[in-house]
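Participant: Before we start, here is the structure in question, set down as structure tokens.
The values are calculated or read from the model by the stated rules, or taken from the named source; none is laboratory data. If you're wondering where the values come from, they're calculated on a predicted model, not measured in any experiment. Cβ placement follows ideal geometry from the backbone for every residue including glycine, while neighbour counts extend to all protein chains displayed. SASA here: full protein model, heavy atoms, side chains in, ligands and nucleic acids out. Shrake-Rupley method; radii C 1.70, N 1.55, O 1.52, S 1.80 Å.
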Amino acid sequence: MNHRWNAPRLTAVALLFCAATAPIHAQAVDAPIDWQQPAQPLGGALTALAVRTGLIVGVDAAAVRGKQAPALQGRYTPHEALQRLLAGSGLQAVRDPNGSYALRAAAPSSAPPEAAVPAGATLGAIQVNASRDTVTEGSGSYTTDAPLTSATRLPMTLRETPQSVTVITRERMQDQGITQVADVLRQTPGLSFIQSGNAGTDANSVYARGFVVENYQVDGIPQTGSWLTQTGDLAFYDRVEVIRGATGLLNGVGTPAATINLVRKRPTQDFRASAALSAGSWNTFRGEVDIGGPLNEANTLRARASWPPRRTATRGSTAIRSARSSSTASSRPTSRGPRD
């Protein structure tokens, strides 16, 4: 049986646990602490703060659901760290006489009335930015609270999706050194990876719920073969989504096994480049190059390319050599006036 826990509910439980077990020490609470905490969902950030400092923070799970906390870098007291985590969230921490904190909606600021705009005046430009929260790269999390469309094509969270879904994020791939799709399939709950022949051949099978997995997708687009998908390199992908159960609504084939969706990395808003080189047992070497960023000054056209130069693994008389490249591009429409 697969159990899916709600992340905000876990946050509330964790904070209540800290409130019941961690005593308050006035001198320790006021002492500055070095922080190196990445950006993450607000509920998880408050849990980490409570565990490390012993602060008692009363949190309503519904109030922090879907909110992001900024990265915390530097030396701050627990109170300063709490204020920085709540910046821009619309919440404020109110301290009770016993030293605990309660989160409440921030009161609207009373700004002085603006002067009337004279007739014929030109207002300044207003820029509206939006981001895709589905990208797991740089999130620092092994799961995602963002809406996914793999199971139903509707933007629904993992809790709202009426199927069992597992997401292997980029953060987990990097921490565990997962570089091949076959390694992801071995570690996904509910999947059985059967290696019947040498690695890199089509003799391997994946089973779910007693049936062979035949549905593979890349960015939600069905693929015709599974050999290249099973033995492919993960340098190109942001996450792997596994939907267990029949997905005939999306694939046209309602096999009761599972669907494996590989989601590629997305272009970044600013220029980024990285390279990595690793070595392992049995003369295994692997390189990775990742470059992305805008292609024009207006930042309306962006691209990203990933390429593992070569991976050579030799064990006995079996050798595997692979070199693939993948690239993605995206464009942002600009506003135009009416045509003549």
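Participant: Filtering the range 285-302 down to residues that are open to solvent by less than 30 Å² (accessible area, probe 1.4 Å), in a strand (DSSP E or B) and not basic (Lys, Arg), which residue is farthest from Gly232 (Cα to Cα)?
Facilitator: Going through the qualifying residues, I end up with Gly293.
Participant: Which residue pairs have Cβ atoms closer than 6 Å, lie 6 or more positions apart in sequence or on different chains, and pair a first residue in the range 135-159 that is assigned to a loop (DSSP other than H, G, I, E, B) with a second residue that is of a type in the set (Lys, Arg) and open to solvent by 40 Å² or more (accessible area, probe 1.4 Å)?
Facilitator: Val135/Arg266; Tyr142/Arg172
Participant: Which residue pairs have Cβ atoms closer than 9 Å, lie 6 or more positions apart in sequence or on different chains, and pair a first residue in the range 68-90 that is touching a residue at least 24 places away in the same chain (Cβ under 8 Å) and closer than 23 Å to Thr136 by Cβ with a second residue that is open to solvent by 60 Å² or more (accessible area, probe 1.4 Å) and outside any loop (DSSP other than H, G, I, E, B)?
Facilitator: Every condition considered, the pairs that remain are Ala69/Arg84; Pro70/Arg84; Ala71/Gln36; Leu72/Gln36; Leu72/Arg84; Gln73/Gln36; Ser89/Gln68.
Participant: Additional query: Determine whether Ala87 is at pLDDT below 80 and either surrounded by 15 or more Cβ atoms within 10 Å (Cβ to Cβ) or farther than 30 Å from Arg264 by Cβ (or both).
Facilitator: Answer is no for this residue.
Participant: Working only within the range 144-157, note down all residues that are in contact with a strand residue (DSSP E or B) (Cβ under 6 Å, 6 or more places away or on another chain) and open to solvent by 40 Å² or more (accessible area, probe 1.4 Å).
Facilitator: Asp145, Pro147
Participant: Restricting to the range 171-193, name every residue that is farther than 29 Å from Ala203 by Cβ and either of a type in the set (Asp, Glu) or buried (at least 16 other Cβ atoms within 10 Å of the Cβ) (or both).
Facilitator: Going residue by residue through the range 171-193, those that are farther than 29 Å from Ala203 by Cβ are 171, 174-175.
If the condition is that a residue be farther than 29 Å from Ala203 by Cβ and either of a type in the set (Asp, Glu) or buried (at least 16 other Cβ atoms within 10 Å of the Cβ) (or both), then Glu171, Asp175 are the ones that fit.
Participant: Let me ask something else about it. Go through the range 257-284 and count every residue that is more than 14 Å from Thr179 (Cβ to Cβ), more than 20 Å from the chain's Cα centre (by Cα) and assigned to a strand (DSSP E or B).
Facilitator: Adding up the residues that qualify gives 2.
Participant: Say we look at the range 245-255 and pick out the residues that are in contact with a strand residue (DSSP E or B) (Cβ under 8 Å, 6 or more places away or on another chain) and at pLDDT below 85; which of these is most open to solvent (accessible area, probe 1.4 Å)?
Facilitator: Val253
Participant: If you take the residues of the range 208-222 that are part of a loop (DSSP other than H, G, I, E, B) and of a type outside the set (A, V, I, L, M, F, W, C), which of them is surrounded by the fewest Cβ atoms within 10 Å (Cβ to Cβ)?
Facilitator: Across the range 208-222, the extreme among qualifying residues is Gly210.
Participant: Somewhere in the range 235-244, is a residue modelled with pLDDT under 85 and either assigned to a loop (DSSP other than H, G, I, E, B) or of a type in the set (Ser, Thr, Tyr) (or both)?
Facilitator: No, the range 235-244 contains no residue that is modelled with pLDDT under 85 and either assigned to a loop (DSSP other than H, G, I, E, B) or of a type in the set (Ser, Thr, Tyr) (or both).
Participant: On to the next question. So if I check each of Val51, Val59, which one is of a type in the set (A, V, I, L, M, F, W, C), modelled with pLDDT of 50 or more and open to solvent by 80 Å² or more (accessible area, probe 1.4 Å)?
Facilitator: Going through Val51, Val59 in turn, the sole match is Val51.
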